[in-house]
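Colleague: One structure is given below, represented as structure tokens, and several questions about it will come after.
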Amino acid sequence: TAAAMQRVITLSDGSILELGTDSEVAVGYTASSRELTLLRGQAVFTVSKNPNRPFVVKAGQGSVTAIGTVFNVRKSGAGVEVRVLEGTVAVRPILEQEAVASSVALVTAGLQTHYSDEGILEPVEAADVRKGLEWRTGVLTMVNRQLGDVIQELNRFVENEITIGDEAVGRFNFTGTVYPDQIDDWLAGLQQGYPLKVMRVGSSTVLMLDEKDSAGSSPS
């Protein structure tokens, strides 16, 4: 998928692949196995049950195996995050320096884990496993997030990237709902609530600190 695009794909076995923005998955099915590789980005997998054909998603230095479940895998520069919405998965990171399988984490619904690019597995912990999946319905809901983080997430959904020109703007706290298909209205609202100005140069959008407004206000 491209930067402002999502896709829902029904695979040949009936499993459903929901591909997030700027994401890529390679599918390799055989008569005895179902193997996919998340090359970049994020995807949600709803797996059709078939104990005789393991469903395995490889990402970074590890893999996630499921029989029948719904889980989210997100690959980033910090490694791979696995969150389980329904059922159970087995997460197996690979220790790159040894090229052998390391410990296995069983992750059930409502839990998450993460492994690094070096194949180091973090403890399983409870999480809001649906947080960050607002893209499945085209809505982003942010609670007490720095504006820089909001813009970084939003850029996954828009064709023309938004940049922050002043570090102070990126540190503003933001709580609200963002509709990726209504960016212009959202940017106009930001100028009303924060001491910033939206500058457009061609197809580029830059958020700059509005010095005259910032002197007497400090959004949080």
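The values are calculated or read from the model by the stated rules, or taken from the named source; none is laboratory data. Note that the structure is a prediction, hence the values are computed from the model and not measured. So basically every Cβ, Gly included, is an ideal-geometry build from the backbone, and we count neighbours across all protein chains shown. Protein only, heavy atoms only, side chains kept; ligands, DNA and RNA dropped before computing areas. Shrake-Rupley method; radii C 1.70, N 1.55, O 1.52, S 1.80 Å.
Colleague: For Val206, are the conditions met, namely being surrounded by fewer than 18 Cβ atoms within 10 Å (Cβ to Cβ), at pLDDT 90 or above and farther than 23 Å from Glu18 by Cβ?
Modeller: Spelling it out, Val206 is indeed surrounded by fewer than 18 Cβ atoms within 10 Å (Cβ to Cβ), at pLDDT 90 or above and farther than 23 Å from Glu18 by Cβ.
Colleague: Please give the strands (runs of 3 or more DSSP E) falling wholly within the range 24-99 in which 2 or more residues are closer than 21 Å to Ile9 by Cβ.
Modeller: In the range 24-99, the matching strands (runs of 3 or more DSSP E) lie at 24-29, 34-46, 55-58, 62-66, 70-76, 79-86.
Colleague: Right, next: For Lys58, all conditions in the list (1) at pLDDT 95 or above; (2) in contact with a His (Cβ under 9 Å, 6 or more places away or on another chain); (3) open to solvent by 40 Å² or more (accessible area, probe 1.4 Å) hold save one; what is the number of the exception?
Modeller: (2)
Colleague: Given (1) without any contact (Cβ under 8 Å) to a residue 24 or more places away in the chain; (2) in contact with a Gly (Cβ under 8 Å, 6 or more places away or on another chain); (3) open to solvent by 30 Å² or more (accessible area, probe 1.4 Å), where does Gly148 come up short, assuming only one miss?
Modeller: Here Gly148 clears every test but (3).
Colleague: Quickly run through the range 124-148 and pick out the residues that are in contact with a strand residue (DSSP E or B) (Cβ under 8 Å, 6 or more places away or on another chain) and modelled with pLDDT of 90 or more.
Modeller: Val124, Glu125, Ala126, Ala127, Val129, Gln146, Leu147, Gly148
Colleague: Can you name the residue in the range 1-53 that is of a type in the set (Asp, Glu) and within 16 Å of Val70 (Cβ to Cβ) and is also surrounded by the fewest Cβ atoms within 10 Å (Cβ to Cβ) among such residues?
Modeller: Checking each candidate, the answer is Asp13.
Colleague: Inside the range 153-182, can you point out the residues that are without any contact (Cβ under 8 Å) to a residue 40 or more places away in the chain and surrounded by 15 or more Cβ atoms within 10 Å (Cβ to Cβ)?
Modeller: Glu153, Leu154, Gly170, Phe174, Val178
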